[in-house]
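Reviewing the structure listed below.
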Amino acid sequence: MTAPADIAPALAVTGLSKRFGASVALQDVDLAIGPGEVHAVLGENGSGKSTLIKILSGFHQPDAGTVAVAGQPLPFGNPASSYRLGARFVHQDLGLVDSIPVLDNLAIGAGFATRLGTISTRRSSERARKDLARVGLAVDPGASVGSLSPATRTGVAIARALREDPGAPVRLLVLDEPTATLPATEVERLMQIIRRVSGAGVGVLYVTHRLDEIFTIAGNVTVLRDGREVATVPTSSLDHRRLVDLLVGEELAVAHHEAETLQPERERPSGLEGRPGGERPALSLRGITAASLDGFSADFRAGQITGIAGITGSGRETVLGAAFGATGRTGEVMTAGGVRLAPSRPDLAMRHGLAYLPADRVRNAAILSLSARENIALSSLRPFRRFGTMWRRPERRTALSWFERLSVRPPGLVDLPLESFSGGNQQKIMFAKWLRREPAVFLLDEPTQGVDVGAKAVLHAQLVQAAAAGAAIVISSSDVDELAAICQRVIVCRDGRPAADLLGGEVSARAISRECLLGSAPATSGASPGGFPATASPTGGSLDQERSPGT
Amino acid sequence: MRITGKRPGFGFDRFSGLYLWALFILIFGIWEPHLFLTLGTVHSIASEQAVAALLGLAVVVPLATGAFDLSIGATANLSAVVVAILQSQQHWPMWPAIAAALLIGVLIGTVNGFIIVRLQVNAFIATLGMATIVGAVETIVSGNSQPQPPTSSTWASLTQFQILGFQAIFFYVIIVALISWWFLERTPAGRYMYATGGNGVAARLSGVRVGGWTWLSLIFSGTVAGLAGVLFSSQSGPSLTFGAALLLPAYAAAFLGSTQLRPGRFNVWGTVLAVFVLATGVYGVQLITSAQWLNDMFNGVALIVAVSFAVWRQRRARAEPAPAQPAESAPARADPGPGDGHHGSANGQSPGLRGSPAGDSAAPGRAP
């Protein structure tokens, strides 16, 4: 039990494997992080990163392999032992309470400094100040967390994770996409914090989607693809392009070719050139600015399925909600009829033929306490109303026909509350709710997230059918395979605006991933670590000019 | 299993109120057959509980939209005092006086709506404040002395006129219940209100004018509370203090009602059922013993037991179905929500059986 902790690697993973049913989440992964080393782990969604982290934190049990933290073997499936060995975790959702002071946030979990059972404010703040100083933050412990900048908030979460605990000194800090929701200007502050932590001899496992950060901060990189370790190399031996190749695979040209032969029909309705002269786009966005969007402009055509891709924070997750009016925005949204839509007015957007299925069904879309029938009916009650009264029979008939069309399980039970259906079936019901309006423009955020494979196929088929019937379908998704499977065109967002516009045969999962990740400063990686990622996105600029505004 | 079973065999949970009612009748019928098993019992329970039932109906509608209206007791009280003063001191004819009292209810509801929807104050706080203000107005109007009841015989017979042995007020309750039921269950407005209360964000993103419906529901509750006040004044004479004591029973009925007939949803007939089941129990108990505290004890215990049962049932039902949806909704609902911008949020996704609001609502109503 007296392992030489200072010499032993902070983390040593050997032969780690994990399967979920038939799918391989991790296959024979090795990973070693020395004390004071910042080690980046990269991979696309589903590559196994989160499984790895969950095994380290004691959430999952691996099928094979060993993990040692600071030389001590980690018993699996037990968060407490992971903590005891010195592993600390900061998740993307920081787990801070915004409304209370930094001090209290730090003390939650570890406990307050007390005197005679009463919180000793003086000693608590002293301790908090020390915790904050450890990560190089000079924040007033009395300030409420909500008033801090995003990077500082992440810093507070790190400070909390690194709190001194004599029984379990910190050996390893795992950061899961800490910069995903940080504005570019804030990233450098976080980098300083991380440098300080690693400088104190703590090993840092750093998960990110932003490649430029890796060159700034990480000494070594491990790339995962489909649960397998593709490479572990020193960052200095890589450049940006080479890293992207590792991530998405090198056979881009081959992928191109495949896509063309598989789906030749994609070329046809691609939109830009071969469109009927003078016809307005079904929906056009001009200079939309909101949350992570910064002057986003694009046109969407009737009869086409357009995908929107991008890493979290690129604007992908914001654009459709902003266009529909779910959130506020500035900029202009215009329909085919030439109507300018007011911001924050979903009802007006609906009146002009838009439909919007938000991400996070439970929070934003489903009304779980109402029945499936009532959820389906809600998008338009007019057909069921006669003489000021709702008539149940036509409503039931409509719901039943959609249940059949989308093969909702259990069949026919339209009067059950929505909460008694499974996730996939709930999503089918949400689709029914919007499709029955036959929208001219159907915007969907993460339409198949958390949906089983069978339901996914049904939902995709419905979208293809709706597009064939003349609707403009726009799908924003973090699942590049989904986009590649059904989209005729994919707009890739970076830094809040379109950076690439893939059409027809150019659409493939690899091409989308590549564009998502290429991002900032491909030539001079790491040269300007702190500043704004250079938004030199050539295609992004030309997008606006190419398309004459509809009028 | 639950998903495919259309409904549980005997409906022990949906109809538990009816079973309980039958049980009360059985017990008290055996215990005190000569006093309890009479038409007189039926008539007196029906008329004595009429005002409580009206206030229960008044709160069901805002609860359906997810907003608490704690001002209904005070509104009813002010309306009762005003309708009496206008007639006995200002010598207004009966109908204009009634119209004026109802208008006060409409006005209070409108102001409540403004504060909640436009100023985005949490409904719980807004209507609690409003209840206090209305109480102050009542003191100003009445000079803090109990007004004389109007002397005209039509005034008393407005509610006490007998039909088949029932006081007329019982039939007013039935009429208001029918209208509320039709409104909530059979009109688009009602559907939008349930959607708003079920998930305000989702409702807004479905094109529902969430704020407007919340506002309308508060006008409804204010108006019905005004009506309840008028009828109370006619039935029992104007009292300066009856309103506050009726607030808890109204919410008890609404929450109990949400476990009945259409479990998981505030509903009209469940509320009416709850009022009369509780009243029957209290009436029976009072025949057996004259202890003063039994009424309150009975109401309070019944509310907590019934709602705990409903929460347990709901959690069990929720634990069973469906992968792919962990318990996201629970934390969001735990707090009644000053942060919940739009409206007061009596409930997150389904009637607010969980979390604190139900419990908290008891406090303001218990003012002596």
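The values are calculated or read from the model by the stated rules, or taken from the named source; none is laboratory data. Since the model is a prediction, treat every value here as computed from it, not as a measurement. Cβ atoms come from the backbone with ideal geometry, glycine included; neighbour counts cover every protein chain shown. The area values use the complete protein model at the heavy-atom level, side chains included, leaving out ligands, DNA and RNA. Shrake-Rupley method; radii C 1.70, N 1.55, O 1.52, S 1.80 Å.
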(message) At 222 nm, what value in deg cm²/dmol follows for chain A if DSSP H runs of at least 4 each add -39500 (n - 2.57) and the sum is divided by all its residues, to the nearest 500?
(response) -10000 deg cm²/dmol
(message) Against the 2.2 N^0.38 Å scaling, with N counting residues, where does region B:34-120 land? I'd like the Cα-based Rg ratio to two decimal places.
(response) 1.41
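Determine by what factor the alpha-carbon radius of gyration of region A:316-450 differs from 2.2 N^0.38 Å, reporting the quotient. Mind showing how you got there, number by number?
Numbers: Rg = 15.4 Å, N = 135, 2.2 N^0.38 = 14.2 Å.
Its radius of gyration relative to the 2.2 N^0.38 Å reference: 1.08.
Mean separation of Cα pairs under 8 Å and 6+ residues apart, divided by the residue count of region B:142-207: what relative contact order is that in percent?
Numbers: 24 pairs, mean separation 7.9, N = 66.
Reported as a whole number, the value is 12 percent.
Ranked by accessible surface with a 1.4 Å probe, highest first, in what order do A:E404, A:E126, A:E446 come?
On the way: A:E404 150, A:E126 100, A:E446 25 Å².
The ranking, largest first, comes out as A:E404, A:E126, A:E446.
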(request) Within region B:247-285, which residues have the backbone N less than 18 Å from the label spot 7 Å out from B:V311 along Cα→beta-carbon, could you tell me? (result) B:251-260, B:263-266
(request) Give the cross-link partners of A:K433 among the lysines, using a straight C-alpha distance below 29 Å as the criterion and excluding same-chain residues fewer than 8 apart. (result) A:K456, B:K6
(request) Return the percentage of antiparallel bridges among DSSP beta bridges fully within chain A, rounded to the nearest 5 %. (result) 55
(request) Taking H placed 1.01 Å from N in the peptide plane, check which residues at least 5 places from A:Q304 or on another chain put their amide H under 5 Å from its amide H. (result) A:I473
(message) For region A:72-181, what are Rg and Dmax over the alpha carbons, in angstrom?
(response) 14.2, 43
(message) Please compute the modelled spin-label separation between A:S407 and B:S290, points set 7 Å along Cα→Cβ, answer in nm with one decimal.
(response) 7.3
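How many square angstrom of accessible surface are buried between B and A, both sides summed, with a 1.4 Å probe and rounding to 100? Intermediate values should be presented prior to the final figure.
Working: alone 17070 and 24000 Å², together 37780 Å².
For chain B against chain A, roughly 3300 Å² becomes buried.
At a Förster distance of 35 Å, what's the computed FRET efficiency of B:F114 paired with A:T330, Cβ-Cβ distance as r, to 0.05? If you can, show how the numbers build up before the last one.
Details: r = 28 Å, r/R0 = 0.81.
According to the calculation, E is roughly 0.80.
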(request) Provide the per-residue ³J(HN,Hα) series for region A:501-511, in order, calculated from phi with Karplus coefficients 6.51, -1.76, 1.60 and θ = phi - 60°, each as a whole number of Hz, with x at glycine and proline positions. (result) 10, 8, 10, x, x, 6, 6, 8, 4, 5, 5
(request) Work out from phi, with θ = phi - 60° and the Karplus expression 6.51 cos²θ - 1.76 cosθ + 1.60, the ³J(HN,Hα) of each residue of region A:306-311, listed in order in whole Hz, and give x for Gly and Pro. (result) 10, x, 10, 10, x, 6
(request) Rank A:L378, A:T448, A:S477 by how far each Cα sits towards the positive end of the charge dipole of region A:327-486 (+1 on Lys, Arg Cβ; -1 on Asp, Glu Cβ) and give me just the farthest. (result) A:L378
(request) Compute the separation of the alpha-carbon centres of region B:37-109 and region A:389-445 and state it in Å as a whole number. (result) 41
(message) How big is region A:372-439 along each principal axis, measuring the range of its Cα positions in Å and listing the largest first?
(response) 36, 25, 18
(request) For B:S71, list long-range residues whose amide hydrogen, built 1.01 Å from N in the peptide plane, is under 5 Å from its own amide hydrogen. (result) none
(message) Report the Rg/Rh value for region A:274-340, based on alpha-carbon coordinates and the Kirkwood definition of Rh.
(response) 0.98
(request) Could you work out, residue by residue across A:414-420, how many beta carbons of other chains sit within 10 Å of that residue's beta carbon, and then give the average as an integer? (result) 6
(request) Using just the alpha carbons, could you tell me how many Å³ per residue the convex hull of region A:434-502 encloses? (result) 98
(message) Can you list residues from other chains, or at least 5 along the same chain, whose modelled amide H is less than 5 Å from the amide H of A:L370?
(response) A:L418
(request) Show me B:155-162, A:16-23, A:64-71 ranked by packing, highest mean number of other Cβ atoms within 10 Å first. (result) A:64-71, B:155-162, A:16-23
(message) Counting only other chains, and only Cβ atoms inside 10 Å, what mean value do you get across the residues of B:184-191?
(response) 5
(request) Evaluate the distance, in nm, between pseudo-label points positioned 7 Å from the Cα of B:S145 and of A:Q192 along their respective Cα→Cβ axes. (result) 7.5
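What shape does region A:372-520 have by the C-alpha gyration tensor, where a ≥ b ≥ c are the square roots of the eigenvalues, rounded means a/c under 1.5, and otherwise prolate means a/b greater than b/c and oblate the rest? Please list the in-between numbers first.
On the way: a/c = 2.72, a/b = 2.11, b/c = 1.29.
It comes out prolate by the Cα gyration axes.
Could the peptides A:289-300, B:222-233 be put in order, highest first, of the mean number of other beta-carbon atoms found within 10 Å of their residues?
Values: A:289-300: 21.2, B:222-233: 29.1.
By packing density, highest mean first, the sequence is B:222-233, A:289-300.
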(request) Set the Förster radius R0 to 25 Å, insert the Cβ-Cβ distance between A:Q61 and A:A180 as r into 1/(1 + (r/R0)^6), and round the FRET efficiency to 0.05. (result) 0.40
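Can you sort B:T132, A:T327 by solvent-accessible area, 1.4 Å probe, largest first?
Values: B:T132 100, A:T327 65 Å².
Order by accessible area, largest first: B:T132, A:T327.
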(request) With 5 Å bins from zero, work out the P(r) of region A:120-253 over every alpha carbon pair and list the percent per bin. (result) 2, 9, 18, 19, 17, 14, 9, 6, 4, 2, 1, 0, 0, 0
(request) Only Cα pairs under 8 Å and at least 6 apart count here; give the relative contact order of region A:1-155 as a rounded whole percent. (result) 18
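Calculate how large, on average over all directions, the projected area of the Cα convex hull of region A:54-112 is; give the answer in nm² to one decimal. Walk me through the numbers on the way to the answer.
On the way: hull surface 19.8 nm².
So the Cα hull casts an average projection of 4.9 nm².
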(message) Can you give me the solvent accessible area of B:W181 with a 1.4 Å probe, rounded to the nearest 10 Å²?
(response) 80
(request) Within a 10 angstrom radius of each residue's Cβ in A:385-397, how many Cβ atoms of other chains show up on average? Whole number is fine. (result) 2
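Shape of region B:192-309 from its Cα gyration tensor (a ≥ b ≥ c, root eigenvalues): rounded if a/c is under 1.5, otherwise prolate when a/b > b/c, or oblate?
Working: a/c = 3.03, a/b = 1.55, b/c = 1.96.
The shape class here is oblate.
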(request) Between B:T38 and A:V233, with labels modelled 7 Å along Cα→Cβ, what's the label distance in nm to one decimal, could you check? (result) 9.8
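If you average the sequence gap of Cα pairs under 8 Å that are 6 or more apart and divide by the length of chain A, what percent do you get for the contact order?
Details: 1136 pairs, mean separation 83.8, N = 551.
RCO, chain A: 15 percent.
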(message) Looking only at region A:85-211, where both bridge partners belong to it, what percent of the DSSP beta bridges are antiparallel (to the nearest 5)?
(response) 25
(request) On each of the three principal axes of the Cα atoms of chain A, give max minus min coordinate, whole Å, ordered largest first. (result) 78, 56, 45
